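Please read the structure below before turning to the comments.
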Amino acid sequence: MGLGRDRAEEIFATYSACHARNDLAGVMALFASDASVEDPVGSPIHEGREAIEAFYAGTHARNGTMRIERAGGLLVGGDELAVHVRAELDAEGAPPAMDVIYVITVDARGRIRSLRAWY
């Protein structure tokens, strides 16, 4: 059956809102226990909830809050979604906004099984 568009939209909207405002508990509530995060693609992969939580805690502490705006439509195929966004840190003197492509795989329970980000 695969991931439906409405559920994909809900997952990404929740992820981007929680991540942008440094809501660690909100971000972590989306992940399956055996999930992985590769952000950015080519960097070490964070596997399991403990490693993922440490990654997001460090990212939030280092970067602060940000704005994440969709730059294109959300694409859905099978159990995956892909979306292009522009991300900009809120901190004064932060680098310019950057393009990010997310590819997220969702398990049968609707939780994120893998998240990969290209930028």
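The values are calculated or read from the model by the stated rules, or taken from the named source; none is laboratory data. Quick caveat, the model's predicted, so the values are computed rather than measured. Because the Cβ atoms are built from the backbone with ideal geometry, glycine has one as well, and the counts that use them run over all protein chains shown.
Filter the range 22-36 for residues that are closer than 17 Å to ARG67 by Cβ and free of Cβ contacts under 8 Å to residues at least 12 places away in the same chain and give the result. Before you say what the answer is, go through the steps one by one.
Initial filter on the range 22-36 (closer than 17 Å to ARG67 by Cβ): 22-23, 26-27.
The one that is closer than 17 Å to ARG67 by Cβ and free of Cβ contacts under 8 Å to residues at least 12 places away in the same chain: ASP23.
Here is a list: SER16, SER43. Which entry is within 11 Å of the chain's Cα centre (by Cα), under 17 Å from TYR102 (Cβ atoms), among the polar types (S, T, N, Q) and at pLDDT 95 or above?
Details: SER43 fails: within 11 Å of the chain's Cα centre (by Cα).
Selected residue: SER16, the only one of SER16, SER43 that is within 11 Å of the chain's Cα centre (by Cα), under 17 Å from TYR102 (Cβ atoms), among the polar types (S, T, N, Q) and at pLDDT 95 or above.
Within the group ALA8, ALA57, which residue is at pLDDT 95 or above and in contact with a helix residue (DSSP H, G or I) (Cβ under 7 Å, 6 or more places away or on another chain)? Give the derivation first.
Details: ALA8 fails: in contact with a helix residue (DSSP H, G or I) (Cβ under 7 Å, 6 or more places away or on another chain).
Unique residue meeting the criteria: ALA57.
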- Tell me which residues, restricted to the range 6-35, are more than 16 Å from ALA108 (Cα to Cα) and of a type in the set (Gly, Ala, Ser). ALA13, SER16, ALA17, ALA20, ALA25, GLY26
